[in-house]
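For reference, the structure discussed in these notes is given below.
FYI, it's all coordinate maths here, none of it is from the lab. Model, not experiment: these values are computed from the prediction. Using ideal geometry, Cβ is built from the backbone for each residue, glycine included, and neighbour counts are taken over all protein chains shown.
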Amino acid sequence: QVQLVESGGGLVQPGGSLRLSCAASGSIASILSVGWYRQAPGKERELVAAINVGGSTNYADSVKGRFTISRDNAKNTVYLQMNSLKPEDTAVYYCNAKGWGKLDLWGQGTQVIVSS
């Protein structure tokens, strides 16, 4: 089994930065990709950024140039560095791991609020 624990959310002013962390434990060798998703009130969950086992990344158009996904293999952790935050980035952010054996696991979510 794989477990995911997210951290790093909070309240930040527009233009500010936050870094989210997604720490994985358990059968991490089965993970093929990790993505960050977000869900704002009244909206569907959307993919923000993802990174695969080869290191390739992809981003939603709305966050390109502002957010960066990265990983630290030694710490089994994937990060989402969020810069130049906007009020429309306010959402609950979720970490998701996909992999072998139909792995499709979600973390508990972390709230990000961008407000002055």
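Do any chymotrypsin sites (Phe, Trp or Tyr not before Pro) in the range 25-116 lie in a loop, going by DSSP, with at most 15 other beta-carbon atoms within 10 Å of their beta carbon, and if so which?
Passing both the DSSP loop test and the Cβ count: TRP100.
Figure the gain on full extension for ALA40 and GLU88 (residue separation times 0.36 nm, minus the Cα-Cα span) and round it to one decimal in nm.
Difference between extended and current length: 16.4 nm.
At most 14 other Cβ atoms within 10 Å and a DSSP loop assignment: could you name the trypsin sites (Lys or Arg not before Pro) in the range 75-116 that fit?
LYS102
Explain nothing, just compute: Karplus ³J(HN,Hα) = 6.51 cos²θ - 1.76 cosθ + 1.60, θ = phi - 60°, for every residue of the range 87-95 in order, whole Hz, x for Gly and Pro.
Couplings: x, 6, 7, 4, 4, 8, 9, 10, 9 Hz.
If you bin the C-alpha pair distances of the chain every 5 Å from 0, what whole percents do you get?
Here the calculated profile for the chain is 2, 12, 24, 26, 19, 10, 5, 1, 0.
Once phi is turned into θ = phi - 60°, what whole-Hz ³J(HN,Hα) does the Karplus curve with 6.51, -1.76 and 1.60 give for every residue of the range 49-61, x standing for Gly and Pro?
The phi angles translate into 7, 8, 9, 9, 5, x, x, 5, 10, 8, 9, 5, 4 Hz.
Suppose the chain between SER56 and LEU32 were pulled fully straight at 0.36 nm per residue; how much longer would it get relative to their current alpha carbon spacing?
7.5 nm
Rounded to the nearest 20 Debye, what is the dipole magnitude of the chain about its Cα centre when Lys and Arg each give +1 and Asp and Glu each give -1 at the C-beta?
120 debye
Would you work out which of LEU18, VAL34, VAL53 lies farthest towards the positive end of the dipole of the chain? Charges go on Cβ: Lys and Arg +1, Asp and Glu -1.
Comparing the listed Cα positions along the dipole, VAL53 ranks first.
Where in the range 1-44 does the amide nitrogen come within less than 18 Å of the point 7 Å from the Cα of ASN76, taken along Cα to Cβ?
1-7, 21-35
How far apart, in nm, are the 7 Å Cα→Cβ label points at THR68 and ASP104?
3.2 nm
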